[in-house]
Amino acid sequence: MDLPPPLAWLLDDAGASPGPDRFLAELGGRLLADGLPLAGAALTLSVPHPIVARRTWLWRAGTGAVIEALGFAGMPLAAAGPPGRGGRDWLSGLGPGPVQEQTAGPAVLAWAGSRPFDPDESHRLRQAARFAAAPLSALASRAALAALLEAYLGRRSAARVQAGALRRGAGETIRAALLCADLRDFTALSEATAPAEVIAMLDAWFDRIAGAVHAFGGEVLKFMGDGLLAIFPVAGSPAEARGACEAALRAVAAARAGMAHLDAARQARGLPPLPFGAALHLGEMMWGNIGAADRLDFTAIGPAVNLVSRLEGLCRPLGRAVLVSGALAAETAAPLVPLGEHPLRGIAAPCAVFTLPDA
């Protein structure tokens, strides 16, 4: 079949594009080289994600640059508009002619010209959209899988699953600042609270603690009931541990500020506050596939995980909201208050324990 070069690429090679952004840049560049007077293009895909409803990639012909815009779930319909609206609004400022838009399988493709398109050029763009439907379906499936895996497994684990790390026992050793946190008296509170309110309460708590972790470059590895385990990986050599430790401390400070605001709002409604305890430690952990032969989970194990969990359990008996291990304290210049050495259940050596001045 003798096809124009852009259509031949769409038929033979486009499905192997690493992502929608590169697909759009490649297609736009090839159509431009084939004589179409393009000023820019937009590609919009719906996404199965708890926050993001749509992703739009915007390509500018003059520079070849691609930027991304997000449409968020829960936006008012008038603000969100139909799929592709954001791309059309952006494209309308690039060229003098009307924006041409086509559905291409699961996607919306829109084009702006450096001048109005003539009938033949419009036909060629419609043909490109027809040929783009199949590779875009493959790209959309991969993007949907990535979004679902990240939502349920987290970024690090999702990447490993997609890379094929499905064998039981496969894992990696991570050096990181670890954060373990959970709510206080949650069992008693949940017994006296309607289930829907319990879920809303947990969501509000996790929004603040997990949001703070992500804001400072960490990743939540596990939600465990009303608690979580998060890491701030040490990038590069162990000598760079200070940055991870400082990030973990800033995340805890941000979470405390967020929870203080939430508690004030709850108390204004006559609801009890939600106190929590958090522990920080620096060490190595094993993160990998553990489970039954046909049902696996990515789980964190190792002495560092055991220590930070046991240290968090000291928050109540020591009357402190935040506890820091000696290993992490040694890597930060933050002012910490020493609380002495304390035995931890199941840990051979006592642990030097510190806290924040206001915790």
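The values are calculated or read from the model by the stated rules, or taken from the named source; none is laboratory data. Fair warning: this is a prediction, and the values are worked out from it, not measured in the lab. Reconstructed Cβ throughout: ideal geometry from the backbone, glycine too, with neighbour counts over all protein chains shown. In case anyone asks, the SASA skips ligands and DNA or RNA and just uses the protein heavy atoms, side chains included. Shrake-Rupley method; radii C 1.70, N 1.55, O 1.52, S 1.80 Å.
Brief remarks on what is shown
- Any hit, the stretch 159-170, residues being over 30 Å from ASN289 (Cβ atoms), open to solvent by 50 Å² or more (accessible area, probe 1.4 Å), assigned to a helix (DSSP H, G or I) and without any contact (Cβ under 8 Å) to a residue 60 or more places away in the chain: no
- Test: LEU45 is in a strand (DSSP E or B), touching a residue at least 40 places away in the same chain (Cβ under 8 Å), closer than 23 Å to GLY93 by Cα and of a type outside the set (Phe, Trp, Tyr): yes
- Subset of the stretch 14-28 that is open to solvent by 20 Å² or more (accessible area, probe 1.4 Å) and within 22 Å of THR103 (Cβ to Cβ) - its residue that is modelled with the lowest pLDDT: GLY15
- A single member of PRO272, PRO317 is at pLDDT 90 or above, over 24 Å from the mean Cα position of the chain (by Cα) and assigned to a loop (DSSP other than H, G, I, E, B), and it is PRO272.
- Comparison of ALA244, ALA230 shows that the only residue that is farther than 17 Å from ILE347 by Cα and not in a strand (DSSP E or B) is ALA244.
- Candidate set: the stretch 292-308, residues that are open to solvent by 50 Å² or more (accessible area, probe 1.4 Å) and of a type outside the set (A, V, I, L, M); chosen: the one nearest to the chain's Cα centre (by Cα): ASP297
- Residue within the stretch 115-127 that is assigned to a helix (DSSP H, G or I), modelled with pLDDT of 95 or more and of a type in the set (A, V, I, L, M, F, W, C) present: yes
- For the stretch 171-196, the set of residues classified as at pLDDT 90 or above, open to solvent by less than 40 Å² (accessible area, probe 1.4 Å) and within 18 Å of GLU331 (Cβ to Cβ) consists of ALA176, ALA177, LEU178, LEU179, CYS180, listed by residue number.
- Residues in the stretch 269-296 that are touching a helix residue (DSSP H, G or I) at 6+ places or on another chain (Cβ under 9 Å) and among the acidic types (Asp, Glu): 1 in all.
- Any hit, the stretch 230-243, residues being open to solvent by less than 60 Å² (accessible area, probe 1.4 Å), modelled with pLDDT of 90 or more and closer than 18 Å to ASP263 by Cα: no
- Among residues of the stretch 102-120 that are within 12 Å of LEU58 (Cα to Cα) and open to solvent by less than 70 Å² (accessible area, probe 1.4 Å), those with a Cβ under 6 angstrom from a residue that is part of a strand (DSSP E or B) and acidic (Asp, Glu), sequence gap 6+ or separate chain, pair up as ALA110/GLU101.
- Extreme residue, most open to solvent (accessible area, probe 1.4 Å), among residues of the stretch 318-357 that are out of contact with any strand residue (DSSP E or B) (no Cβ under 9 Å at 6 or more places or on another chain) and more than 25 Å from ALA239 (Cα to Cα): ARG345
Rundown of residues vs (1) at pLDDT 80 or above; (2) assigned to a loop (DSSP other than H, G, I, E, B), yes/no style:
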residue	(1), (2)
ARG55	yes, no
THR63	yes, yes
ILE67	yes, no
LEU70	yes, no
GLY74	no, yes
ALA78	no, no
GLY86	no, no
TRP90	yes, no
